[in-house]
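Participant: Dropping the structure in here first, questions after.
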Amino acid sequence: MKLVFAGTPEVAVPALDALIASGRHEVAAVVTRPDAPAGRGRKLVASPVAQRAEEAGIEVLKPARPRDEDFLARLREIAPDCCPVVAYGALLPKVALDVPARGWVNLHFSLLPAWRGAAPVQHSIMSGDETTGASTFLIEEGLDSGPVYGVVTEDVRPTDTSGDLLTRLAFAGAGLLAATMDGIEDGALHAVPQPADGVSLAPKITVEDARLDFAAPALRVDRVVRGCTPAPGAWTVFRGERLKVVQALPAPERTDLAPGELAVAKNNVWAGTGSHAVELLWVQPQGRKPMRGADWARGVRIAPGEKLAAGDVG
């Protein structure tokens, strides 16, 4: 088939690579979000997918909106059979969905109908799922509601961050997307409607969602830290300033601390929760680089009984 691939971030690159390497299909063009400011100089930088496509000599389309007439005209001119999509980052209007004869097929990082939306991996970890996966489905106008072609499953490991899990799913999902394209071409694969039961939503995680509640059990604190790493980053307040918690570890042996109360030893720092404590392994004070929790604690000289999350950000 002739394909036009749509994707933007680094997590979409393995799928593009898999389609290029398959040899069965022609990736005629790539659609990606426009160049965006990045780094300290805020210079405009092409997306990871755009950079990879350019390296491979593939035409890159960067419409400001996928309903722009210039883009739609070029898409019709290319006349793709199918458009595989991974984390493109913009809603596709019906006028674009109607162009390829076999539709737009999305790789989504959950076992649909669970976790429809922008942040399925983060919500899966924060909700304590033991198993998740990736699905390929035919895009329709609803939110991730189209019929499913195939799935792969992936265990959620006890120490997984959303970054860890998403990286594994990106590679497992790349193989699934390539196999889905093969199955569609062969006529051997048919999309199956999603069940009405089991639908859950995964909206984008906001900075406020990532604020830690130390009155919650340690298990919940741990899940929020892992689910919000690397972005947007779990955080709390210490002495009126934001403190990111980069890595924490449940410490069931410490049950003597009130929620948010800090305790310091030579090489450790703990914070109380609604159950037992968590050890703060890595933190990031406001305006500084990440550091070991014990190094931070020594530097700020925590007073006995001092707490996290006492008050708002100054």
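The values are calculated or read from the model by the stated rules, or taken from the named source; none is laboratory data. Just so it is clear, the model here is predicted, and its values are computed rather than measured. Cβ: placed from backbone, ideal geometry, glycine included. Neighbour counts: every protein chain shown. Each accessible area value is taken on the protein alone, full model and side chains, heavy atoms only, with ligands, DNA and RNA left out. Shrake-Rupley method; radii C 1.70, N 1.55, O 1.52, S 1.80 Å.
Participant: Using the Cα centre of segment 133-210 as the reference point, and only Cβ charges (+1 on K/R, -1 on D/E), how large is the resulting charge dipole? Debye, rounded to the nearest 20. Don't skip to the answer; put the middle values down first.
Facilitator: Numbers: 3 positive and 13 negative charges, 29 e Å.
With only Lys, Arg, Asp and Glu charged at Cβ, the dipole is about 140 debye.
Participant: Apply the a/c threshold of 1.5 to the C-alpha gyration tensor of segment 1-109 and tell me whether it is rounded, prolate or oblate. Before the final figure, lay out each step's value.
Facilitator: Values: a/c = 1.72, a/b = 1.26, b/c = 1.36.
Oblate.
Participant: Count neighbours as other Cβ atoms within 10 Å of each site's Cβ, and list the GluC sites (Glu not before Pro) in segment 215-292 that are DSSP loop with at most 15 such neighbours.
Facilitator: Values: sites: Glu241, Glu253, Glu261, Glu279; in loops: Glu253.
Of the GluC sites (Glu not before Pro), the ones in loops of segment 215-292 whose Cβ has at most 15 other Cβ atoms within 10 Å are Glu253.
Participant: Follow-up question, since we're still on this one. May I ask you to give the solvent-accessible area per residue for the chain, in square angstrom, as obtained with a 1.4 angstrom probe?
Facilitator: On the way: 14870 Å² over 314 residues.
Here the residues of the chain average 47 Å² of exposed surface.
Participant: Between segment 188-266 and segment 1-55, what is the separation of their alpha carbon centroids in Å?
Facilitator: 31 Å
Participant: Here is a further query. In segment 170-239, with Lys and Arg counted as +1 and Asp and Glu as -1 at Cβ, which of these residues, Phe214, Ala188, Gly175, has the Cα nearest the positive end of the dipole, that is, farthest along it?
Facilitator: The residue sitting farthest along the positive end of the dipole is Phe214.
Participant: Give me the distance in nm between label points sitting 7 Å out from Cα along the Cα-to-Cβ direction at Ala265 and Lys204, one decimal.
Facilitator: Here the modelled spin labels are 4.2 nm apart.
Participant: Tabulate in residue order the Karplus-calculated ³J(HN,Hα) for segment 270-286, using 6.51 cos²θ - 1.76 cosθ + 1.60 with θ = phi - 60°, rounded to whole Hz; enter x for Gly and Pro.
Facilitator: 10, 10, x, 9, x, 10, 9, 6, 10, 8, 8, 7, 9, 9, 9, x, 4
Participant: Could you go through segment 36-46 in sequence order and give the Karplus-derived ³J(HN,Hα) for each residue, using 6.51 cos²θ - 1.76 cosθ + 1.60 with θ = phi - 60°, rounded to whole Hz, and x for Gly and Pro?
Facilitator: Once θ is set to phi - 60°, the couplings for segment 36-46 become 10, x, 8, x, 5, x, 6, 6, 6, 10, 5 Hz.
Participant: Glu59's amide H: which non-local residues (gap 5+, or another chain) put their own amide H closer than 5 Å, with H modeled 1.01 Å from N in plane and none for Pro or chain starts?
Facilitator: The answer is Val30.
Participant: Pop out the ³J(HN,Hα) list for segment 251-256 in order, Karplus 6.51 cos²θ - 1.76 cosθ + 1.60 with θ = phi - 60°, rounded to Hz; leave Gly and Pro as x.
Facilitator: 10, x, 6, 9, 10, 9
Participant: Continuing with this model, one more query. Treating the beta-carbon of each Lys and Arg as +1 and of each Asp and Glu as -1, no other charges, what is the dipole magnitude of segment 13-139 about its Cα centre, to the nearest 20 debye?
Facilitator: Rounded to the nearest 20 debye, it is 380 debye.
Participant: With all protein chains present, how much of the accessible area of the chain (probe radius 1.4 Å) comes from carbon and sulfur, to the nearest whole percent?
Facilitator: Numbers: 7820 of 14870 Å².
The nonpolar share, carbon plus sulfur, comes to 53 percent.
Participant: Please go through segment 29-77 and write out the trypsin sites (Lys or Arg not before Pro) that DSSP classes as loop and that have at most 12 other C-beta atoms within 10 Å.
Facilitator: Passing both the DSSP loop test and the Cβ count: Arg40, Arg42.
Participant: Now, a different point. Explain nothing, just the number: relative contact order of the chain, from Cα pairs under 8 Å at least 6 residues apart, as a whole percent. It would help to have the intermediate numbers written out before the result.
Facilitator: Details: 694 pairs, mean separation 40.9, N = 314.
Reported relative contact order: 13 percent.
Participant: Next question. Antiparallel as a % of all DSSP beta bridges within the chain, to the nearest 5? Numbers along the way, then the final one.
Facilitator: Numbers: 35 of 51 bridges.
Beta bridges within the chain, antiparallel portion: roughly 70 percent.
Participant: Collect residues whose amide H, placed 1.01 Å from N in the peptide plane, falls under 5 Å from the amide H of Ala202; neighbours closer than 5 in sequence don't count.
Facilitator: Under 5 Å from the amide H of Ala202: Arg116, Gly117, Ala118, Ala119.
Participant: Continuing with the same structure: Which of the trypsin sites (Lys or Arg not before Pro) found in segment 171-276 are loop residues per DSSP with 14 or fewer other Cβ atoms within 10 Å of their Cβ? Display every interim value, and only then the final one.
Facilitator: Details: sites: Lys204, Arg211, Arg220, Arg223, Arg226, Arg239, Arg242, Lys244, Arg254, Lys266; in loops: Lys204, Arg239, Arg254, Lys266.
Listed in order of number, the matching sites are Lys204, Arg239, Lys266.
Participant: Can you compute the helix-only [θ] at 222 nm over the chain? Use -39500 (n - 2.57) per DSSP H run of at least 4 residues, normalise by all residues, nearest 500 deg cm²/dmol.
Facilitator: Calculated mean residue ellipticity at 222 nm is -7500 deg cm²/dmol.
Participant: What does the charge dipole of segment 261-300 about its Cα centre add up to, to the nearest 20 debye, if the Cβ of each Lys and Arg holds +1 and the Cβ of each Asp and Glu holds -1?
Facilitator: Details: 5 positive and 3 negative charges, 47 e Å.
Result for segment 261-300 is approximately 220 debye, rounded to the nearest 20.
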